[in-house]
1. If the convex hull of the alpha-carbon atoms of the chain is projected onto planes in all directions, what is the mean projected area in square nanometres?
2. In whole angstrom, how far apart do the alpha carbon centroids of the stretch 47-111 and the stretch 355-406 sit?
3. Could you run the Karplus curve 6.51 cos²θ - 1.76 cosθ + 1.60 with θ = phi - 60° over the stretch 342-356 and give me ³J(HN,Hα) per residue in whole Hz, x for Gly and Pro?
4. I'd like to know which of Pro178, Ala215, Phe232 lies farthest towards the positive end of the charge dipole of the stretch 161-257, counting +1 on Cβ of Lys and Arg and -1 on Cβ of Asp and Glu.
5. Only Lys, Arg, Asp and Glu count, each charged at its Cβ (+1, +1, -1, -1), so figure out the dipole size of the stretch 174-260 about its Cα centre, rounded to 20 debye.
6. For the chain, report the accessible area per residue in Å² (1.4 Å probe, heavy atoms, rounded to an integer).
7. If you wrap a convex hull around the Cα atoms of the stretch 347-419, how much volume per residue is inside, in Å³?
8. Please list the three semi-axes, largest first and in whole Å, of the ellipsoid equivalent to the stretch 190-344, using sqrt of 5 times the eigenvalues of its alpha carbon gyration tensor.
Amino acid sequence: MGFVSRRAFTVGTMTALTGLAVAGDAAAGPEVPAPVPREGPETRGMWLASVTNRDWPSAAGLTAAEQRAELTDFLDVAVERRLTAVILQVRPTADALWPSPHEPWSQYLTGTQGRDPGWDPLGTAVEEAHRRGLELHAWFNPYRVAFHTDPTRLAAGHPARRHPDWVVPYGGKLYYNPGLPEVRAFVREAMLDAARRYPIDAMHWDDYFYPYPVAGEEFDDDAAFAEHGDGFDSRADWRRHNVDLLVRETAQRLREVRPGTRLGVSPFGVWRNAATDPRGSDTRAGVQTYDDLYADTRTWVRKGWIDYLCPQLYWNIGFEPADYAELIGWWARVAEGTDVDLYIGEALYKAGDPKQPAAWQDPAELSRHLALAREHPRVDGHVFFSGREVRDDPFGAMARVVADHYRTRVRGRRRPAQR
């Protein structure tokens, strides 16, 4: 999570947004059991981010051969670390890492949005991942268009240029408006094109639906609410309904387009604080997905609208405002009695970062997370953010996880798509 948020990849603002970064370590958390390697199926994943060239490709403008070599090297790293899945970001900013008929080629490949890179990254990733016995989850950001607010900087013919009424500038960025049915239909079909073309194992969404709040700014969807908000008690309820529709409609279409391919979501780790809603977690997060991103993730699990959930539990054990131990138990209880797989998003990028609390200065912190998860049978695996840290492991935290928990390769643990 970056200094804009995890998915903007400038590590800092996300924790600032939650109001959690300034707090120190709390008193010692619960006693953590000793690590016990799991021999049976489980999901062991890593995110591989393309936005801002965070992980891959390492720079825009590499040759096709260089890009391909970097990609396959990451897949080899996943095998070496005994992972089972790679979650590859293929639509970072309303663009594509495959020859999409709907949106331009991503600028993170060539440096120029719309320029053909001379190869098919997603098609290659699926083929090479499966060759290595890995799942390939295609990761999409539904509504983010650009890290600026000037549509003229987008590729000629970009949908946001052809439909300026679809976009909203907010917080220095440009977003599609989730309140417009035509936008929802477009982004759904743009994403589903990848599932139609390739045997991906899952469609994966990150934590962005409506954008994270920006102090002093309002997301301008007045006209959309006036036209489409009849029957709702509040704009917040209407916004949540819009996001619910994207989830349900995409799930239904995915079942038609590629039966067996799953829909997974990786939301910010706090649905609601208990002080806001007694059903919420015993946390004090400054952002709540239900209230601020209008993503009712708990309902999606309880009603089985998605196939897996991977909440970003990016805090240490004993961190008082948002204790990892509290949140892993809360999400396990939410998933109990459902057919939704529960994976836990792990903040590998925090390990050894001097800006982080003292717990993150111990390379065993993440290993303790996995040991604690063994106490919750509903936890089906873990996903690490992100590829660069999995590969380079400058602090040794990933090596500790592998030594303690991933001593042998296993099959991924997944239920069939249910929807």
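The values are calculated or read from the model by the stated rules, or taken from the named source; none is laboratory data. Predicted model, so just to flag it, every value in this text is computed and none were measured. Cβ placement follows ideal geometry from the backbone for every residue including glycine, while neighbour counts extend to all protein chains displayed. Calculation scope for accessible area: heavy atoms of the full protein, side chains included, ligands and nucleic acids excluded. Shrake-Rupley method; radii C 1.70, N 1.55, O 1.52, S 1.80 Å.
1. So the Cα hull casts an average projection of 18.6 nm².
2. Taking the Cα centre of each part, the stretch 47-111 and the stretch 355-406 sit 23 Å apart.
3. 10, 10, 10, x, 10, 8, 4, 4, 7, 4, x, 6, x, 7, 8
4. Pro178
5. 640 debye
6. It amounts to 36 Å² per residue over the chain.
7. 124 Å³
8. They are 25, 23, 14 Å, listed from largest to smallest.
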